[in-house]
1. At q = 0.12, 0.13, 0.17, 0.20 Å⁻¹, what log₁₀ I(q)/I(0) does a Debye calculation on the Cα points of the stretch 67-215 give, no solvent, two decimals?
2. Rg to Rh ratio, the chain, alpha-carbon atoms and Kirkwood radius?
3. Calculated FRET efficiency, ASP252 and LYS196, Cβ-Cβ r, R0 51 Å, to nearest 0.05?
4. Do you know the relative contact order of the stretch 33-147, to the nearest whole percent, from alpha carbon pairs under 8 angstrom that are 6+ apart?
5. Hey, got the Cα dimensions of the stretch 114-198 along the principal axes, in Å, largest first?
6. When the Kirkwood hydrodynamic radius is evaluated over all pairs of different C-alpha atoms of the stretch 186-233, what value in angstrom, to one decimal, is obtained?
7. Considering amide H positions built from the backbone, and no H for Pro or chain starts, which residues 5 or more places from VAL142, or on another chain, come under 5 Å of its amide H?
8. Could you tell me what percent of the accessible area of the chain is made up of carbon and sulfur, with a 1.4 Å probe and every protein chain present?
Amino acid sequence: MFRSTKSFVLALSLLLLLPWTGLAAGHGKVVPDKTAIVLATFGTSVPSATAAFTNIEKQVKAAFPDTEVRWAYTSSIIRKKLAKQGTLIDAPEVALAKLMDEGYTQVVVQSLHMIPGAEFHDIFVNAKLFEQMVGGFKKVMVSYPLLASDESMEEVITLIIANMIPRERKPDEAVVLMGHGTHHPSDAIYSALMYKFQNVDPNIYVGTVAGHPTFDEIKNKLVKKGVKKAYLIPLMSVAGDHALNDMSGDEDDSWKSMLAKAGIDTVSVLKGVAEFDPLAQLWIANLKKAMAHLQ
């Protein structure tokens, strides 16, 4: 029993100053930190699109060769579809729970999304809860997606022009980048990005599948300007279902088909942003900043 309030407070203070992991049971040794990285993305069920994820993983492991790397898909539809095919991918929360159960003490969740939309904020909130629970992680960092600041938009613009737009494209030919779009306020990033693109090259446009600017807005601009040819490029980490079908599919409602009806020839670039090393390195740079916050 403690003889005074003062001694109790002192003892409690000393306990709180001990490493959170405490002493190894019966051995008097501090359990060392174990660090892991979770790469979190919407996901894809298109086999060819996984080249982008393979490239990102390769670069992450090159930057952090001694750190455990796990994948997590935020889309339950994609996870269920892959599970039926025999491929099991965890949700971010499940990936974190497994790492916690395996004794990892610090984790960085790297968002591979394009913008800090609803999915990114869901990941952030839920991941940080693992830091608050009893027996949870000592530290959880959630690193930014690709387009999260004015500076990052400027970098992405420079790198897309230098790496993703085919060299044979002529100045009077348009480039139409397809973003996903969202109901989240961060949807405004796409409009801001197009504004910045057009300050550099007035024939580069940014449209979205489910947000703004809309495809019709972009198409009307192209028609009004008398554009006869456009390069269609996915502004997404992977060239998945949206790129293959919504952008360049043969159906009447694809961007390719609707532009053809408007008298505009198209060329599709079926590569995701993460397949291009200079752009993938922007995610790696975000990851490095987050990792630097760990002890």
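The values are calculated or read from the model by the stated rules, or taken from the named source; none is laboratory data. Keep in mind that this is a model prediction, so the values were computed, not measured. For neighbour counting, all protein chains shown are included, and Cβ atoms are generated from backbone atoms with ideal geometry for every residue, glycine included. Just so you know, the surface numbers come from the protein's heavy atoms only, side chains and all, with ligands and any DNA or RNA stripped out. Shrake-Rupley method; radii C 1.70, N 1.55, O 1.52, S 1.80 Å.
1. The Debye formula, applied to the Cα set alone, gives -0.65, -0.73, -1.02, -1.18.
2. Details: Rg = 23.3 Å, Rh = 21.1 Å.
Reported Rg/Rh, Kirkwood definition of Rh: 1.10.
3. Efficiency computed from Cβ-Cβ geometry: 0.95.
4. 31 percent
5. Dimensions of the stretch 114-198 along the principal axes of its Cα atoms: 60, 25, 18 Å.
6. 11.1 Å
7. VAL109
8. 57 percent
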